[in-house]
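A short worksheet on the structure shown next.
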Amino acid sequence: MNELEMAAAKDPVCGMDVNREIAAAQGLTAEHDGETYFFCGKGCKLDFTEDPARYFDPSYEPHM
Ligand SMILES: [Zn+2]
């Protein structure tokens, strides 16, 4: 695994790979149940923080 892969996290809302360092630098992170989640943009972060449970539902399919 290279450095780039280690830095990547999956945006739970849209399914995109997100660079953790870049997302953190832009404030595109949210805490939920002690875990930190990373987002590609403000829209996804907002969607997640409004209704986190929706994105943990196994039937939820990430999409843009
Ligand atoms: Zn996203």
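How far is it, in nm, from the label point at ALA25 to the one at HIS63 when both lie 7 Å from their Cα along the line to the Cβ?
Those two pseudo-labels are separated by 3.3 nm.
Among ASP51, ASP33, ASP11, determine the one that fluctuates most according to a GNM of the chain built with springs between C-alpha atoms less than 10 Å apart.
Checking each option, the largest mean-square fluctuation is seen for ASP33.
Using the count of nearby Cβ atoms within 10 Å as a rough guide to exposure, how do CYS40, CYS14 rank from fewest to most? Walk me through the intermediate numbers first.
Values: CYS40 21, CYS14 17.
If I rank by nearby Cβ atoms, fewest first, I get CYS14, CYS40.
What is the local net charge at ALA25, summed over the other residues whose Cβ is closer than 15 Å to its Cβ (Lys, Arg +1; Asp, Glu -1)? Write down the numbers at each step before the final one.
Numbers: positive: ARG20, LYS42, LYS45; negative: GLU21.
Local charge sum for ALA25: +2.
With a 10 Å Cβ neighbour count serving as the proxy for reagent exposure, in which order, fewest first, do HIS32, HIS63 appear? Walk me through the numbers before you get to the answer.
Values: HIS32 14, HIS63 7.
By the 10 Å Cβ count, ascending: HIS63, HIS32.
Starting with the fewest neighbours, write out THR29, THR49 ranked by other beta-carbon atoms found within 10 Å of each beta-carbon.
In increasing order of surrounding Cβ atoms, one gets THR49, THR29.
The numbers here are math on the coordinates, done by the rules we state, and not lab data. On a predicted model such as this, the values are computed, not experimentally measured, just so you know. Reconstructed Cβ throughout: ideal geometry from the backbone, glycine too, with neighbour counts over all protein chains shown.
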